[in-house]
Amino acid sequence: MVREKKVIDEVSGWLRVFDDGSVDRTWTGPPQVKFMSDVVPPHHHFIDGVAVADVVADQDSALKLRIYLPEKQESDLEKLPVLLHFHGGGFCISGADWFMYYSVYTRLARTARAVVVSVYLRLAPEHRLPAACDDGFAALLWLRSVAGGQKQQPWLHDHADFNRVFLIGDSSGGNIVHQVAARAGREKLDPLRVAGAIPIHPGFCRSQRSKSEMEQPETPFLTLDMVDKFLSLALPVGATKDHPITCPMGKAAPAIEELKLPPYLYCVAEQDLIKDTEMEFYEAMKRAGKEVELLRSGGVGHSFYLNKIAVDMDPKTAQETQKLFEGIKEFIQKH
């Protein structure tokens, strides 16, 4: 007789955890949005001006990356800056090959004239933190080995400017941006240089609810249930949201003053549930004398630009998405 597995934890629509430790990430929410989590296969030919390749960076750890290469334009520099991207999903869901990310990062590669390298991060609860941060840093070290000629990757060798590598990440990927940036500051990375960091709506929070968590509207991309459950599944066993990865401005985290950090473009959304704690980190960066530029998106919520339906149908979301991409492009051009 086969014993039926029992669901012991669930994040509505996104994932179910069973009593045998297995996890089901099949989308069970509204079927009309399922396409956003559909996998897009790589294509080495240019579609809408971008080619896509998947690369295994490390056979032993199975670290995998997705590269977005924009088609050469006459006005392009000989070598293009690199955006090393860490996807969001509360450390528990999503992947570099989801349509949601494909549609955003092909567009950003075209707009910013940059090569995007997106990391397939290990997911919790099977791989609790700091696993995803370790993957992000391992991807940076792999880029350094390509820059130094120890590893071969033709697209990057031919088109990437390793002196202008930018860390970028959405939501929990924004947390990884800061962790990787802090670790990079302690590492000799020559001939690679981290020129900047771009956390977009990072998942910075505290154990105690903030005012914005209690007052801002929930969205399909962020609810209080998602914040609580994803982080309880992702953080080390026994840890709270005051952990340094989720609260880098807190007492348990290394003092920001003592970190060697690149210039930051720090992106927040006016209607983000966790806006207050995101802004707390920004103020801590300013007090510490770090170079940080604020890009604020008005009238929109957490990760709004990932919602392709809203980007296509709602003029406000489309406008703020365009402004966000242009702001990222300007930041890259300055550094």
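In whole percent, what relative contact order does segment 187-248 give with Cα contacts below 8 Å and a gap of six or more residues? Mind dumping the intermediate values first?
Details: 22 pairs, mean separation 29.0, N = 62.
Reported as a whole number, the value is 47 percent.
State the extension gain, in nm to one decimal, for the chain segment bounded by K79 and S61, taking 0.36 nm per residue of separation less the distance between their alpha-carbons.
Details: separation 18, 0.36 × 18 = 6.48 nm, distance 2.95 nm.
Gain in length upon complete extension: 3.5 nm.
Between L224 and E126, the modelled labels are 3.2 nm apart [label points 7 Å from Cα along Cα→Cβ].
Take the Cα pairs of the chain, get the Kirkwood Rh, then feed it into Stokes-Einstein at 25 °C and 0.890 mPa s and tell me D in µm²/s. Mind showing how you got there, number by number?
Details: Rh = 20.2 Å.
Using the Kirkwood radius from Cα pairs, D works out to 122 µm²/s.
Here the Karplus curve 6.51 cos²θ - 1.76 cosθ + 1.60, taken at θ = phi - 60°, turns the phi angles of segment 166-178 into couplings of 10, 8, 9, x, 9, 6, 4, x, x, 4, 5, 3, 5 Hz, with x standing for Gly and Pro. In this label model, A255 and L294 are separated by 2.5 nm, measuring between points 7 Å along each Cα→Cβ vector. Distance from the C-alpha centroid of segment 31-68 to that of segment 232-273: 28 Å, rounded to the whole angstrom. When both segment 120-153 and segment 295-313 are represented by their alpha-carbon centers, they are found 28 Å apart.
If the cut-off is 17 Å between C-alpha atoms, which lysines fall inside it for K316, apart from same-chain ones fewer than 8 positions away? Filter leaves K308. Pairs from the table (K290/K323; K151/K188; K251/K329; K79/K329) lying more than 27 angstrom apart at Cα are K251/K329.
How big is D for segment 13-140, in µm² s⁻¹ as a whole number, if Stokes-Einstein is applied with the Kirkwood radius of its Cα pairs at 20 °C and 1.002 mPa s? Approximately 136 µm²/s, per Stokes-Einstein.
Modelled this way, with points 7 Å down the Cα-to-C-beta line, the labels at I47 and M313 are 2.3 nm from one another. The slack in the chain from Q152 to K334, taken as 0.36 nm per residue of separation less the alpha-carbon distance, amounts to 62.6 nm.
Leaving out ligands, DNA and RNA, and with a 1.4 Å probe, what % of the accessible surface on the chain is carbon or sulfur? It is 51 percent, rounded to a whole number.
The values are calculated or read from the model by the stated rules, or taken from the named source; none is laboratory data. Small disclaimer: the values here were computed from a predicted structure and weren't measured. Methodologically, a virtual Cβ is constructed for each residue, glycine included, from the backbone with ideal geometry; neighbour enumeration extends over all protein chains shown. Calculation scope for accessible area: heavy atoms of the full protein, side chains included, ligands and nucleic acids excluded. Shrake-Rupley method; radii C 1.70, N 1.55, O 1.52, S 1.80 Å.
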